[in-house]
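**Q** This is the structure I have questions about; it appears just below.
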Amino acid sequence: MTNGQPGLRDRKKAATREALSWAALRLAVERGLENVRVEDIAAEAGVSPRTYNNYFSSKAEAIVFRHRDRILRAAEALRARPAEEPLWEALTQSLVEPFEGPDEAPDARWVAAVRLLLREPSLQAELIRGGARTRAELTAAVAARTGTDADRDLYPKLVAAATLSALQVSNEQYLSADPALPFKAVFAEALRQLAAGLPDPSS
């Protein structure tokens, strides 16, 4: 790492990990998780199966990586936001931005396939396994920004938990919406409602 930035080797490793994760997701959506082999994922990403095994221990870990990594990068981004920026504005900018791609409705067939894929027990278990780390990192970033204690104070833990719950609910809303909705818009609206204190919509 040079001047706080990752070096060429680290950037290449990150690009390989991202390519493998994306290949695993794409193939699992197209074929079904049980019909995808490690060799298929490696070939899709242009690397050897041995290289794949250096990065991931399972297909589920590879698929979940991109989701987990976005949250970890968002926690880093939150620490770097301007100090004068309101917390929820900074959270929204940090969390919504990593979801790349145009802010438009997704292909309905892709959404339906992802919905089926997420029912896989191995993926559900992997999401739970990594949840503690992502929550801890986001809690620490909120605590650093607000001058609170990530271990002893309730506030940063509540903010992180609420934010991650908003992410989960937004994902469920995105996958079940008919007609399809753009994810970034759904997630941004969920965070907006949290920032507003979840006012009663009937009032």
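The values are calculated or read from the model by the stated rules, or taken from the named source; none is laboratory data. In this text the structure is predicted, and so the values were computed from the model without any measurement. Glycine also receives a Cβ, built like all others from the backbone with ideal geometry; neighbour counts cover every protein chain displayed.
**Q** Filter region 148-161 down to the residues that are surrounded by 13 or more Cβ atoms within 10 Å (Cβ to Cβ), of a type outside the set (D, E) and more than 15 Å from the chain's Cα centre (by Cα) and list them by number.
**A** Hits for region 148-161 are T148, A150, Y155, P156, K157, V159.
**Q** Restricting to region 7-25, name every residue that is of a type outside the set (A, V, I, L, M, F, W, C) and surrounded by fewer than 16 Cβ atoms within 10 Å (Cβ to Cβ).
**A** Residues satisfying the conditions are G7, R9, D10, R11, K12, K13, E18.
**Q** Can you list residue pairs whose Cβ atoms sit under 8 Å apart, with the first residue in region 11-34 being closer than 17 Å to S122 by Cβ and the second being crowded, with 17+ Cβ neighbours inside 10 Å and of a type in the set (S, T, Y)? Count only pairs 6 or more apart in sequence or on different chains.
**A** Filtered contacts from region 11-34: L20/Y52; L20/Y55.
**Q** Go over the candidates E44, E61 one by one and state the one that is surrounded by 12 or more Cβ atoms within 10 Å (Cβ to Cβ), closer than 26 Å to L95 by Cβ and charged (D, E, K, R). Full working, then the answer.
**A** On the way: E44 fails: closer than 26 Å to L95 by Cβ.
Sole residue among the options that is surrounded by 12 or more Cβ atoms within 10 Å (Cβ to Cβ), closer than 26 Å to L95 by Cβ and charged (D, E, K, R): E61.
**Q** State whether one or more residues within region 138-154 are within 29 Å of R31 (Cβ to Cβ), of a type outside the set (A, V, I, L, M), in a helix (DSSP H, G or I) and in contact (Cβ under 8 Å) with a residue 60 or more places away in the chain. It would help to see each step written out before you state the result.
**A** Restricting attention to region 138-154, the residues satisfying the condition of being within 29 Å of R31 (Cβ to Cβ) are none.
Checked against the condition, which is being within 29 Å of R31 (Cβ to Cβ), of a type outside the set (A, V, I, L, M), in a helix (DSSP H, G or I) and in contact (Cβ under 8 Å) with a residue 60 or more places away in the chain, region 138-154 yields no hits at all.
**Q** Being under 30 Å from L191 (Cα atoms) and within 19 Å of the chain's Cα centre (by Cα), is that true of even one residue in region 43-60?
**A** yes
**Q** Would you confirm whether any residue within region 170-178 is modelled with pLDDT of 90 or more, part of a helix (DSSP H, G or I) and closer than 17 Å to L72 by Cα?
**A** Checked against the condition, which is being modelled with pLDDT of 90 or more, part of a helix (DSSP H, G or I) and closer than 17 Å to L72 by Cα, region 170-178 yields no hits at all.
**Q** When residues of region 155-185 are filtered for being of a type outside the set (G, A, S), under 15 Å from R70 (Cβ atoms) and without any contact (Cβ under 8 Å) to a residue 24 or more places away in the chain, how many remain?
**A** If we filter region 155-185 for residues that are of a type outside the set (G, A, S), which is where we start, we get 155-159, 163-164, 167-169, 171-175, 178-179, 181-184.
From what's left, under 15 Å from R70 (Cβ atoms): 163-164, 167-168, 171, 174, 183-184.
Okay, now just the ones that are also without any contact (Cβ under 8 Å) to a residue 24 or more places away in the chain, so 168, 171.
Qualifying residue count, region 155-185: 2.
**Q** Going residue by residue through region 178-190, is there one that turns out to be surrounded by fewer than 14 Cβ atoms within 10 Å (Cβ to Cβ), out of contact with any His (no Cβ under 9 Å at 6 or more places or on another chain) and under 20 Å from V114 (Cβ atoms)?
**A** The answer is yes; a qualifying residue exists.
**Q** Residue under question is L78, and the condition is that it be at pLDDT 95 or above, under 23 Å from A132 (Cα atoms) and either in the same structural domain as L95 (by TED's automatic domain parsing) or not aromatic (F, W, Y) (or both); does it hold?
**A** yes
**Q** Does region 126-137 contain any residue that is part of a loop (DSSP other than H, G, I, E, B), surrounded by fewer than 17 Cβ atoms within 10 Å (Cβ to Cβ) and without any contact (Cβ under 8 Å) to a residue 60 or more places away in the chain?
**A** Taking region 126-137 and keeping what is part of a loop (DSSP other than H, G, I, E, B), we get none.
No: zero hits.
**Q** I need the full set of residues from region 95-121 which are among the basic types (K, R), at pLDDT 75 or above and out of contact with any helix residue (DSSP H, G or I) (no Cβ under 7 Å at 6 or more places or on another chain), in order please.
**A** Within region 95-121, just R119 meets the criteria.
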